[in-house]
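As C-alpha cells, the structure follows; a few thoughts come after it.
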Amino acid sequence: MGTGYVGLITALGLADIGHKVTAADISDEKIEKLNNGIPVIYEEGLEEMLQKHLYQTKNINFRLMTTEIVSEYDVIFICVGTPQAYDGSSNLRYLDDAAKMIGQGLDENKYTVIVNKSTVPPKTHLRVKRNILTQNPKASFDVVSNPEFLKEGTAIHDFMNPDRIVIGCNTSQSSQIMNDIYQPMVEQGFKLYETDIISAELIKYAANVFLSTKITFINELSHLCEVTGADIDLVAQGIGLDPRIGEKFLKAGPGYGGSCFPKDTQALSYFAKQQGVVTNLIDAVISVNSSHVLSLIPKTRDFFENNWQGKSAKKHIAVLGLSFKAGTDDIRDAVSLRIIPALLDEGFEITAYDPAAMENAKKVMENINFADSLQEAVDGKDGVLILTEWPEFSQINWEEVAKTLKHKVIVDLRNIVDRKKIKKLDFSYYSIGKSSIQSIEDRKENK
Ligand code: UDX
C-alpha cells in the first residue's frame, strides 16, 4: 500500500527477487502512469526496473487501493507517509487510514501478515492492530515491523544490497512468512536480523538519529576548523579511519535535510518526552543542525560582500543545487529553502539551476530566476553559491566559468571544488570548515 519512495522501491525489489507483487495506491493518476511504465518519482535506474518487471518478468502490477482487493493477498506491506505533525510528532493519519481499510477488507477465514514499512514510533504496531480490530474484530492476522533504510538517489541499490534486513515479529507464523519472503536475499549472503517488534520499530529511528548526530558533530567541528586553520575534510578522514568511528556520514556541509532526518529526529525526541524520557543529545542535534544552517547565511553574505568591495557588484549570484542532496529531485527540508529567502532579504538577486529539482523548486520558490543550464546560471553573475553536491558541479571547468563571471567569487557549502585549481585561477573561495582562500592570502600579507 502506497507507491511513494518506500512503497515503489519495495514493490520492485520484491518483484526482482521473484515474488508476485501488486503495488496499490489511492491515486488513479499514479496507478495509470505506473501501469504504463512511467515512474512517479525520480530515482536512478527506476524506469528500467519498472519496465523489466511490468513487461518481461510480469512480476508486478499496479492497482487502485480499495477495501475489495485486500483479501486477495497473503502479505500486505504498509508503505504510506508518516509526515511531521505541527508539534514535531509523527503524523500517523495515513497509517490509521491504511489499517482501517485493511481491517474492512480482510477475510476473517484467511490469515494475513500486515507488514509495517512506514517509519513509526515504537509500539505503533499496537495501534495498527487496534485499528484493524475495530473494523474487523474476528480478523486473523499479525502485524510485523520491517523498517527500510533506503537513501534517495540510491534506493534501488540499497534495497538490492542491504547492510541488513530488519524484521520484528511476535509470532512464529509471521516470522516464518517474513523469513520466506527474504530467503532469496539471505541466499545471496545478505543478513536478516530478527528482533521483537518494538526493537525493530526503534532501530529505524535510532539509525537515522545516529547518522544525523554524526553529521551534526562534524558540522559543529567545522566552525572550530575555520577559526584554527584546521581542515574539516582532513579531520573527518583522520577520525573516520578508526573503524570504531567509520568514515561515512562525516561529510561537512550545510546541515542535514530531506524527508527523513529532520522529521525523524523531531519525532523521536517528541516520542521520548511523551514516555517521560529526557533526550538532551537528540535535542542538541536538532538545535545545532538548525543553528549551523543559520550561521551560514551571514557567512555567505559577508564573503560575497567583502570580496566585492571596491568592485561594483549588483549582488546577482548563481545558486547551483536546490535538492536536499545530489541524486534526487526532492527539495523537502533542503537548505536551499532556508538560505535563498534569507539572501533575497539581504538584497541579493538569484538565478538558480539544479539538474533534477527545477520542477519541484518552481512550485514553491518565489522571486528568483531559474536557468535552463549551468552555463546560463553562471553567465554574467557576480559569484556562485553551491548548495548541492551534484557531480556536474564538481566537474565544472572553472577556467571557462571565470571568463563569463563578472566577479570570481565562490561560496561552496559542499566542499566539492578543487581548491588548488581555484587558487591558481585567482578566485575568492569559501568552503565549510577550512580557511577561505581569501583569508590565506590575508594571512600571508599579515606576516
Ligand atoms: C536517509 C537515511 O540515510 C536512510 O537510511 C533512510 O531510510 C532515509 O533517510 P536520505 O534522506 O535519502 O536517507 O538521505 P541521506 O543520504 O541519508 O542524507 C540525509 C541528509 O544528510 C542530506 O541532507 C545530506 O546532504 C546530509 N549529509 C549526509 C551530510 O550533510 N553529510 C554526510 O556525510 C551525509
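No lab work stands behind these numbers, since they all come straight from the coordinates. Since we're looking at a predicted model, the values are computed, not measured. In this analysis, Cβ positions are derived from the backbone assuming ideal geometry, glycine residues included, and neighbour counts consider all displayed protein chains.
Sum up the charges of everything whose Cβ sits under 12 Å from the Cβ of K33, counting Lys and Arg as +1 and Asp and Glu as -1, but leave K33 out. Please list the in-between numbers first.
Numbers: positive: K30; negative: D25, D28, E29, E32, E47.
Neighbourhood net charge equals -4.
Cut-off is 10 Å between beta-carbons; in what order do L387, L14 appear when sorted fewest neighbours first? Intermediate values should be presented prior to the final figure.
Values: L387 28, L14 23.
Sorted ascending by nearby Cβ count, the order is L14, L387.
Taking amide H positions as placed in the peptide plane 1.01 Å from N, state which residues far from F370 in sequence (5 or more) or on other chains have amide H under 5 Å from it.
Under 5 Å from the amide H of F370 lie the amide H atoms of A352, each far enough along the sequence or on another chain.
Would you calculate, for the chain, the mean residue ellipticity at 222 nm contributed by helices, counting each DSSP H stretch of 4 or more residues as -39,500 (n - 2.57) and dividing by all residues, to the nearest 500?
On the way: 19 runs with 210 residues, N = 447.
My calculation for the chain gives -14000 deg cm²/dmol from helical runs alone.
Could you give me the radius of gyration and the Dmax of region 246-402, taking only the C-alpha atoms into account and expressing both in angstrom?
In Å, with Rg to one decimal and Dmax whole: 17.4, 59.
Could you please rank V209, V364, V411, placing first whichever residue has the fewest other Cβ atoms within 10 Å of its Cβ?
Working: V209 21, V364 9, V411 26.
Listed from fewest to most nearby Cβ atoms, that is V364, V209, V411.
So, counting K/R as plus one and D/E as minus one, what does the shell of residues with Cβ under 11 Å around G238 add up to?
Working: positive: none; negative: D231, D233, D242, E247.
Net charge around G238: -4.
Can you tell me the 0 to 90 degree angle between the C-alpha axis of helix 261-274 and the longest principal axis of the chain, rounded to 10?
The two axes meet at around 60 degrees.
If you place +1 on the Cβ of every Lys and Arg, -1 on the Cβ of every Asp and Glu, and leave all else neutral, what size is the dipole of region 89-161 about its Cα centre, to the nearest 20 Debye? It would help to have the intermediate numbers written out before the result.
Values: 10 positive and 8 negative charges, 60 e Å.
Around 280 debye, computed over region 89-161.
Report, in debye and to the nearest 20, how large the dipole of region 22-130 comes out about its Cα centre when Lys and Arg carry +1 and Asp and Glu carry -1 on their Cβ. Don't skip to the end; give the middle numbers.
Numbers: 13 positive and 16 negative charges, 91 e Å.
So the magnitude is around 440 debye.
Explain nothing, just the number: dipole magnitude of the chain about its Cα centre with +1 on each Lys and Arg Cβ and -1 on each Asp and Glu Cβ, in debye rounded to the nearest 20. List each step's numbers first, then the result.
Values: 49 positive and 60 negative charges, 171 e Å.
Rounded to the nearest 20 debye, it is 820 debye.
At q = 0.09, 0.14, 0.17 Å⁻¹, what is the log10 ratio I(q)/I(0) for region 194-336, with the Debye formula run over Cα points and no solvent?
-0.36, -0.81, -1.10
For each of F304, F393, count neighbouring Cβ atoms within 10 Å of the residue's Cβ, then give the residues from fewest to most. Kindly include the intermediate steps, with their values, before the conclusion.
Values: F304 25, F393 22.
Neighbour counts put them in this order, fewest first: F393, F304.
Consider all pairwise Cα distances in region 319-380 and report the whole-number % of them above 16 Å. Can you show the working numbers first?
Details: 722 of 1891 pairs.
Everything past 16 Å amounts to 38 percent.
Could you work out how much longer the chain between E48 and R93 gets when fully extended? Use 0.36 nm per residue separation minus the Cα distance between them, nm to one decimal. Please report the intermediate quantities before stating the final value.
Details: separation 45, 0.36 × 45 = 16.20 nm, distance 3.30 nm.
Fully extending the segment from E48 to R93 adds 12.9 nm.
What is the sum of charges around A402, taking Lys and Arg as +1, Asp and Glu as -1, for the other residues whose C-beta is under 9 Å from the C-beta of A402?
For residues surrounding A402, the net value is -1.
Taking the Cα atoms of region 326-447, what is the range of coordinates along each of the three principal axes, in descending order and whole Å?
Over region 326-447, Cα extents along the principal axes are 50, 27, 25 Å.
Of all DSSP beta bridges in the chain, what percent run antiparallel (nearest 5)? Write out the running numbers ahead of the final one.
Details: 2 of 37 bridges.
Expressed as a percentage, antiparallel bridges in the chain total about 5.
Report, to the nearest 10°, how far helix 437-446 tilts away from the longest principal axis of the Cα atoms in the chain, using its own Cα long axis and a range of 0 to 90°.
So the inclination is approximately 40 degrees.
With viscosity set to 1.002 mPa s and temperature to 20 °C, compute the Stokes-Einstein D of region 82-200, Rh being the Kirkwood radius across alpha carbon pairs; µm²/s, no decimals. Before the final figure, lay out each step's value.
Values: Rh = 15.4 Å.
Calculated translational D: 140 µm²/s.
Given the Cα-Cα distance of D196 and Q56 and 0.36 nm per residue of separation, how much length would full extension add, in nm? The partial results should precede the final answer.
Working: separation 140, 0.36 × 140 = 50.40 nm, distance 3.77 nm.
Here the answer is 46.6 nm.
Please report, in cubic angstrom per residue, the volume enclosed by the convex hull of the alpha-carbon atoms of region 59-127. Could the numbers behind the result be given before it?
On the way: hull volume 7.4 nm³, N = 69.
Convex hull of Cα atoms, per residue: 107 Å³.
In Å, what is the Rg of the alpha-carbon atoms in region 1-50, and how long is Dmax?
According to the Cα coordinates of region 1-50, Rg and Dmax are 10.0, 27 Å.
For the cross-link pairs K315/K403; K273/K325; K123/K273; K52/K110; K214/K420, which exceed 26 Å when the distance is taken from alpha carbon to alpha carbon?
From the list (K315/K403; K273/K325; K123/K273; K52/K110; K214/K420), the Cα-Cα distance tops 26 Å for K273/K325; K52/K110; K214/K420.
Which percent of the Cα-Cα distances in the chain go past 28 Å? The partial results should precede the final answer.
Details: 55419 of 99681 pairs.
Here the tail beyond 28 Å accounts for 56 percent of pairs.
For the pairs K30/K263; K100/K151; K299/K408, flag any whose C-alpha to C-alpha distance is greater than 27 Å.
Numbers: K30/K263 25 Å; K100/K151 29 Å; K299/K408 17 Å.
Violating the 27 Å Cα-Cα cut-off are K100/K151.
To the nearest 10 degrees, how steeply does helix 93-105 sit against the main Cα axis of the chain, on a 0 to 90 scale?
20 degrees
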